[in-house]
Amino acid sequence: MNFLGHFALVAGLHENLRQAGDARMVTVSSGAHLRASFDFDDPHFERRPYDRWAAYAQSKTADVLLAVGVGRRWAADGVTANSLNPGYIHTNLQRHLDDDTRRAFGSMDDEGNLLTPDYYKTPEQGAATSVLLAASPLLDGVTGRYFSDNQEEEAVPGGPEVPGGPEVPGGVAHWAVDPAVADRLWDYALEATLN
């Protein structure tokens, strides 16, 4: 699960971030987090059939919860953390998607040519929210929140029935910004990375 690497890096940087006096952490999540909460009973799909999209959604939920956790623990140290959905962008990550998935997203035609649907962003547009969270004075002191298109998102219900592709609704799943869940995930990650 890629979240544990993120957690270990951030935990290892805590003292440096604290010493900076006004540090920001930005985690890149995805609208896919709306499809799955974090499964504490089987986070590594050891007892349930592996589903790549559920695993991806779960890891992206964990990324949002990481920002909530850092915000709860380190704000007094001058460290803020927020997460974001950059949107759909043609990047090298898509090389890991099969052609059928790309066609379902509308980003490839039947001949294998890449397409750029209207809902896709340029790399610059996709990076805009990351830059806002990392550098804008408008976000001074703001922590533990989730953004998309340079705006904070409202908490909404999520679940496996949330559609994928361009139909993914906006918002942040209520489970991804729940302080109690963030605390539980923090404790899980501490134990997992220390052992």
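Here, each number is a calculation from the coordinates, and none is a lab measurement. None of the values given here were measured: they were computed from a predicted structure. Ideal geometry is used to build each Cβ from the backbone, glycine not excepted, and the neighbour counts take in all protein chains shown.
Cα convex hull, segment 1-132: 123 Å³ per residue, rounded to a whole number. Result for the chain in a Gaussian network model with C-alpha springs under 10 Å: among PRO157, PRO137, PRO49, the largest mean-square fluctuation is at PRO49.
Close amide H contacts of VAL177 (hydrogens built in the peptide plane, cut-off under 5 Å, sequence separation of 5 or more or a different chain): none are found. Residues in segment 43-67 near a label at ALA104, defined as backbone nitrogen under 11 Å from the 7 Å Cα→Cβ point? It comes to 52-54, nothing else.
With loop membership from DSSP and a limit of 12 other Cβ atoms within 10 Å, the longest segment of the chain without chymotrypsin sites (Phe, Trp or Tyr not before Pro) is 51-195. For segment 1-92, the relative contact order works out to 42 percent when only alpha carbon pairs closer than 8 Å and six or more residues apart are counted.
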